[in-house]
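The values are calculated or read from the model by the stated rules, or taken from the named source; none is laboratory data. Everything quoted here is computed from the prediction, not taken from an experiment. Neighbour counts are summed over all protein chains in view; Cβ atoms, including those assigned to glycine, are modelled from backbone coordinates with ideal geometry. What goes into the accessible areas is simple: the full protein's heavy atoms, side chains included, and nothing from ligands, DNA or RNA. Shrake-Rupley method; radii C 1.70, N 1.55, O 1.52, S 1.80 Å.
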Amino acid sequence: MRLGSSPPVRARHHRESRPPQQSEIRHHRRNIQVSNYQANTGIAQGVGTGEIPAVRANIRSVRRTPNQSRRSAIRTAFVFDLDGTLIDSAPDIADAANRLLVEYGGTPQPIGKVMKMVGGGAPKLLERAFAAAGLAMPPAEEVLARFLEYYHTGPAMMTKPYPGVPHLLGALHRAGNPIALCTNKPGRATDAILTRLGWDGLFDAVVSGDDLSVKKPDPLPVLAALFLAGGTPNRAVYVGDSHVDVQAARNAGLPVMVLTHGYAHGPVSALRADALATTIRPLLRLAGS
Ligand SMILES: O=C(O)COP(=O)(O)O
Ligand SMILES: [Mg+2]
């Protein structure tokens, strides 16, 4: 369920007349989506970066509970990118993009090339794919809708978590570290992938590429994800794979670690991240910290 549409599925607890059970409250609080946040605060789609203080104030006053504040205040928060960081999603993305290129009379592009088009959101990917195929770009909305039709038929057919990722996320979740997902991938595909991987309820907040009026590298999605998850910038780390992530983290004032297994466009050393890692496993040391 995205911003601006009907209430989020997880808000169903509000409709029940009996008080929610403790287990439900926990489940609900651990699954804060931007759409819940918008419904509860009245902040509409179209917020700009100048409104970050308002975002912060609203989240603090509306979302936090004494318990959750105590828990999050003493734990390092993690904001994760999705594609190329937690999951190797390029095979399914390339498959959908190539089916689209063929539909428009182009030739399929090798997966290695498509990988380098990922990171700036689906509209950017499509611009790059049509340019690589030597095709004139059709109207952006039309081509995005067609791409998503293809992609939604199986967004996690070949997509897999990178080694160590499920273990890390489980450890952070159990240890009480706030964990947020901040991806430029459109929300419907994000949700489908999380479900397919069995990750529903794992993240404390999920902000996707079409949840807000701006995407990474704008800091707003990063900060919204962080605050919604119960974290604060002075005790948080961003984990990504591309220049978009490094820029977004810098803009949000967060330290950034880059995983070298992802979809960076050039040499990862040129990204000037605070840390580079070949796998996500080193972060295990921070579980509970
Ligand atoms: O859809 C994209 O372009 C990238 O998604 P990401 O932000 O999870 O890397
Ligand atoms: Mg990425």
Subject >> Stretch gain in nm, segment Met157-Ala145, where the contour uses 0.36 nm per residue and the Cα spacing is subtracted >> reply: 2.3 nm
**OP:** Would you work out if region 90-152 is rounded, prolate or oblate? Take a ≥ b ≥ c from the square roots of the eigenvalues of the alpha-carbon gyration tensor; rounded if a/c is under 1.5, else prolate when a/b is larger than b/c, oblate otherwise.
**Re:** rounded
Original post:
Counting pairs of alpha carbon atoms under 8 Å apart in space and at least six apart in sequence, what relative contact order in percent does region 90-152 give?
Top reply: 40 percent
Subject >> Prolate/oblate/rounded label for region 97-199 (Cα gyration tensor, a/c 1.5) >> reply: prolate
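How large is the charge dipole for region 90-152, taken about the Cα centre, if only the Cβ atoms of Lys, Arg (+1) and Asp, Glu (-1) carry charge, to the nearest 20 debye?
On the way: 6 positive and 7 negative charges, 57 e Å.
Approximately 280 debye in magnitude.
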Original post:
Solvent-accessible area per residue for region 158-289 at a 1.4 Å probe radius, Å²?
Top reply: 36 Å²
Subject >> Heavy atoms of Met115: accessible area, 1.4 Å probe, square angstrom to 10 >> reply: 60 Å²
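Holding the Cα-Cα limit at 18 Å, pick out from Lys160/Lys215; Lys113/Lys216; Lys124/Lys215; Lys113/Lys215; Lys124/Lys160 the pairs that are longer than that. Before the final figure, lay out the partial values.
Details: Lys160/Lys215 24 Å; Lys113/Lys216 21 Å; Lys124/Lys215 11 Å; Lys113/Lys215 22 Å; Lys124/Lys160 23 Å.
Result: Lys160/Lys215; Lys113/Lys216; Lys113/Lys215; Lys124/Lys160 exceed 18 Å.
Ignoring ligands, DNA and RNA, please state the percent of accessible area on region 90-152 from carbon and sulfur, probe 1.4 Å.
Numbers: 1730 of 2830 Å².
Answer for region 90-152: carbon and sulfur cover 61 percent of the accessible area.
If I stretch the segment between Arg285 and Thr232 completely, what's the gain in nm (0.36 nm per residue apart, minus their alpha carbon distance), one decimal? All intermediate terms of the calculation are to be shown ahead of the outcome.
Details: separation 53, 0.36 × 53 = 19.08 nm, distance 1.97 nm.
Extending this stretch completely gives an extra 17.1 nm.
So what is the accessible area of region 90-152 per residue, in Å², with the probe set to 1.4 Å?
Numbers: 2830 Å² over 63 residues.
It amounts to 45 Å² per residue over region 90-152.
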**OP:** Please work out whether region 142-289 counts as rounded, prolate or oblate from its C-alpha gyration tensor, where a ≥ b ≥ c are the square roots of the eigenvalues and a/c under 1.5 means rounded, while otherwise a/b larger than b/c means prolate and anything else oblate?
**Re:** rounded
